[in-house]
Amino acid sequence: MSKTLTYQTLMHAGRAALNLTYTLTQKKTRERWLHGVVLGLLEGLVGNMQNEFAVEDSNRVKKKPKCIDFRHGSSNPDVIELVVRMRGGELYGSQNKSELLKLCKIPDTQARRRILLLLDPSGLDPIAKHDLKRTYSYIGTGSGNFPRKTVTIVYIHPDLEYLFRWRP
């Protein structure tokens, strides 16, 4: 039986993934490794998780669908993209424009909520909410006749966590 994925549950899984990185070498804390850890934690906490879920974009000319890191649920799903900070700037808006565009273009028929999950095991100081939010406020979605949906950005650092909404 699948449980509801809440922001609190997502933050709990993110904190647990970060806690695992304390005892590992930096090679093990890369995004691919953390991707598997977060997927396993979410599957254990809420169930009904899918990995690398293909989403269709009717505006794309290419035939190959884009993939979302995680999808939770069945008839009313949530989609999640994961980004990991290793050296410094990976979590800023300019670095995640493609993930934001991918998420904001997913129609309501394919996702109820769109989440960009930012994990920060870098060992650097946490990024203040107002500083990170400002970097996302400059991101535009470009031209085109398609609906754009709000994306919730969830930031998790060992010393700080928060969320905010990015409205295209």
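Restricting attention to region 61-85, which residues are over 17 Å from residue 155 (Cβ atoms), part of a loop (DSSP other than H, G, I, E, B) and at pLDDT 80 or above? Once the filter is applied, which keeps residues that are over 17 Å from residue 155 (Cβ atoms), part of a loop (DSSP other than H, G, I, E, B) and at pLDDT 80 or above, region 61-85 yields 73, 77.
Here's the yes/no breakdown for (1) without any contact (Cβ under 8 Å) to a residue 40 or more places away in the chain; (2) within 21 Å of residue 50 (Cα to Cα):
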site: 79; (1), (2): yes, yes
site: 99; (1), (2): yes, yes
site: 106; (1), (2): no, yes
site: 117; (1), (2): no, yes
site: 129; (1), (2): yes, no
site: 155; (1), (2): no, no
site: 160; (1), (2): yes, no
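With respect to the conditions (1) part of a strand (DSSP E or B); (2) in contact with a Leu (Cβ under 7 Å, 6 or more places away or on another chain); (3) at pLDDT below 90, residue 50 falls short on a single one, namely (2).
Assuming residue 89 fulfils every condition listed in (1) in contact (Cβ under 8 Å) with a residue 12 or more places away in the chain; (2) surrounded by fewer than 13 Cβ atoms within 10 Å (Cβ to Cβ); (3) more than 25 Å from residue 6 (Cα to Cα) apart from one, which condition is it? (1) is the only condition that residue 89 fails. For region 122-168, the set of residues classified as polar (S, T, N, Q) and not in a strand (DSSP E or B) consists of 122, 135, 137, 141, 143, 145, 150, listed by residue number. Quick one: would you say residue 133 is more than 23 Å from residue 36 (Cβ to Cβ) and of a type in the set (Lys, Arg)? Considered against the rule, which asks whether it is more than 23 Å from residue 36 (Cβ to Cβ) and of a type in the set (Lys, Arg), residue 133 comes out as yes.
Checked against the criteria, residue 133 does not count as in contact (Cβ under 8 Å) with a residue 12 or more places away in the chain, surrounded by fewer than 17 Cβ atoms within 10 Å (Cβ to Cβ), closer than 21 Å to residue 14 by Cα and of a type in the set (Lys, Arg). Looking only at residues in region 147-168 that are out of contact with any strand residue (DSSP E or B) (no Cβ under 6 Å at 6 or more places or on another chain) and surrounded by fewer than 13 Cβ atoms within 10 Å (Cβ to Cβ), which one is farthest from residue 98 (Cα to Cα)? The extreme case among them is 159.
So, of the residues in region 111-124 that are of a type outside the set (Asp, Glu) and touching a Pro at 6+ places or on another chain (Cβ under 7 Å), which turns out to be modelled with the lowest pLDDT? Steps first, please.
As a first pass, look at region 111-124 and keep what is of a type outside the set (Asp, Glu): 111-119, 121-124.
Cutting the leftovers down to touching a Pro at 6+ places or on another chain (Cβ under 7 Å) gives us 111-112.
Numbers: 111: 88, 112: 91.
Among those that are of a type outside the set (Asp, Glu) and touching a Pro at 6+ places or on another chain (Cβ under 7 Å), it is 111.
Looking only at region 91-121, count how many residues are assigned to a helix (DSSP H, G or I) and closer than 15 Å to residue 71 by Cα. I'd like the intermediate steps shown before the answer.
Start the filter on region 91-121 by keeping residues that are assigned to a helix (DSSP H, G or I), which leaves 93-104.
Still in the running and closer than 15 Å to residue 71 by Cα: 99, 102-104.
The number of residues fulfilling the criteria is 4.
The values are calculated or read from the model by the stated rules, or taken from the named source; none is laboratory data. All of these numbers come straight from a predicted model, not from anything done at the bench. When we count neighbours, we look across all protein chains shown, and the Cβ atoms used for this are built from the backbone with ideal geometry, even at glycine.
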